[in-house]
1. Here is a check on your reading of the model: is Gly231 at positive phi and of a type outside the set (Phe, Trp, Tyr)?
2. Just to verify a result, which residue in the stretch 257-296, among those that are farther than 30 Å from Ala160 by Cα and among the hydroxyl-bearing types (Ser, Thr, Tyr), is surrounded by the fewest Cβ atoms within 10 Å (Cβ to Cβ)?
3. Does Glu112 satisfy the criteria of being in contact with a strand residue (DSSP E or B) (Cβ under 6 Å, 6 or more places away or on another chain) and among the acidic types (Asp, Glu)?
4. Looking at the stretch 216-230, can you tell me whether even one residue there is more than 16 Å from ligand 1 (Cβ to nearest atom) and charged (D, E, K, R)?
5. For residues that are under 10 Å from Met183 (Cβ atoms) and touching a residue at least 60 places away in the same chain (Cβ under 8 Å), tally how many sit in the stretch 127-136.
6. With respect to Val33, is the statement that it is without any contact (Cβ under 8 Å) to a residue 60 or more places away in the chain and either surrounded by 17 or more Cβ atoms within 10 Å (Cβ to Cβ) or within 16 Å of ligand 2 (Cβ to nearest atom) (or both) true?
7. Conditions first: (1) crowded, with 17+ Cβ neighbours inside 10 Å; (2) over 22 Å from Val71 (Cα atoms); (3) more than 16 Å from ligand 1 (Cβ to nearest atom). Tyr132 passes all but one, so which condition is the exception?
8. Of the residues Gly269, Gly298, only one is in contact (Cβ under 8 Å) with a residue 12 or more places away in the chain, of a type outside the set (S, T, N, Q) and over 21 Å from Ile139 (Cα atoms); which?
Amino acid sequence: MTVRIGVIGVGMIGQDHIRRLTQVVTGAQVTAVADVDPARAAEIASAIPGCSAAASGTELIVRDDVDAVLVTSWGPTHEEFVVAAIAAGKPVFCEKPLATTQEACLRIVEAETAFGSRLVQVGFMRRYDEYYRALRNTITDGALGAPLLMHCAHRIGTVAPNFSTEMMVNDAAIHEMDLIRWMFDEEIVEVTAVAARHNPTSKDALRDPLVLLFTTESGVLANVEVLANGGFGYDIRGEVVAQHGVAALPELGQVMVKRAGQLSTPIPGDWRERFLRAYDVEFQEWIDRLTSGQPANGPSSWDGLAATTVADAATESLATGHAAAVSLPEKPALYTS
Ligand code: NAD
Ligand code: ISE
């Protein structure tokens, strides 16, 4: 069986996922695209055999030749499309963040819960990265004893001019908010966010860099440095300090060059390069579930809601200068297994 997919939002990651769905993974076909920029949608559609542009995301969702929906538009637009896909009873893969406020995520969770089975998967692709998976296995197999601390860094080479302080939190650090919950299999209960001295490369309004400090239910402390305009490449780091030792993500397995008294190795340019394989695995697993008639089992609406709730608390902490509590509603049974 081939899953016919409609893609809403054909910008940077939308186009990268279309390449993935049409050239890398098996079992998928892109039959429809939509974008607020109709010329862009038409151009992208014309390059894909059997694909046509829809006038809007909501029109795409109800088309007969669309079995499942991929939402890769801007974060604040996600809620509308995910809720419409649930109303149509169609599986929907939504890039992170699921939505940009806890309230919006809650409306998605309520719609899916009312539907009665899982339709939504959120694009937290780090859970599919071989290095993060190995790090998590090292912690969960217990040999290092109790995890105590985690140090993370999310250093971006350069961001677009419209990248805001809010996006440092709900677009960039949202990845760590999810992976810390996943790493330790528990919720984050408190967050403190502070800005360092202003990075002169960044526009005045962008609070860059930030440091976020999270406390989990069991008391693990995790910190994340978020650097928007690092200028040297894309550098993602993670290290867990546990009772009997330390486990960390490795440097990527690249060739090391010794030349003119220097030892050097390439640094990924951005997330596409660093997480290339993780996105491929993420989509192949999603498609395999759909072709075998099973609901998605990757990061859920609940995971999207929990991460965005942490992001809301981090934004509050940044504004008040105090720690902020993370307050989650009761977890519906749909997400407990
Ligand atoms: P982008 O600006 O390059 O592309 C977004 C596209 O969506 C644009 O073409 C825009 O015209 C379109 N769009 C916006 N509103 C729309 C609407 N209402 N209907 C239809 N189309 C609409 O942005 P991007 O970098 O591709 O990011 C898109 C999403 O993907 C964001 O949520 C972002 O956080 C996420 N993302 C995830 C990762 C990851 O590593 N998982 C990486 C990059 C981006
Ligand atoms: C981008 O939207 C992503 O999701 C990348 O994975 C992340 O590293 C980057 O900070 C975000 O802007």
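1. Numbers: at positive phi: yes; of a type outside the set (Phe, Trp, Tyr): yes.
Spelling it out, Gly231 is indeed at positive phi and of a type outside the set (Phe, Trp, Tyr).
2. Among residues in the stretch 257-296 that are farther than 30 Å from Ala160 by Cα and among the hydroxyl-bearing types (Ser, Thr, Tyr), the one surrounded by the fewest Cβ atoms within 10 Å (Cβ to Cβ) is Ser292.
3. On the way: in contact with a strand residue (DSSP E or B) (Cβ under 6 Å, 6 or more places away or on another chain): yes; among the acidic types (Asp, Glu): yes.
So Glu112 passes the test.
4. Yes, the stretch 216-230 contains a residue that is more than 16 Å from ligand 1 (Cβ to nearest atom) and charged (D, E, K, R).
5. So the count comes out to 3.
6. Spelling it out, Val33 is indeed without any contact (Cβ under 8 Å) to a residue 60 or more places away in the chain and either surrounded by 17 or more Cβ atoms within 10 Å (Cβ to Cβ) or within 16 Å of ligand 2 (Cβ to nearest atom) (or both).
7. (3)
8. Numbers: Gly298 fails: over 21 Å from Ile139 (Cα atoms).
Of Gly269, Gly298, the one residue that is in contact (Cβ under 8 Å) with a residue 12 or more places away in the chain, of a type outside the set (S, T, N, Q) and over 21 Å from Ile139 (Cα atoms) is Gly269.
The values are calculated or read from the model by the stated rules, or taken from the named source; none is laboratory data. This one's a predicted model, so the numbers in the text were calculated from it and none came from an experiment. Heads up, the Cβs are rebuilt from the backbone with ideal geometry, glycines too, and the neighbour counts pull from every protein chain shown. Just so you know, the surface numbers come from the protein's heavy atoms only, side chains and all, with ligands and any DNA or RNA stripped out. Shrake-Rupley method; radii C 1.70, N 1.55, O 1.52, S 1.80 Å.
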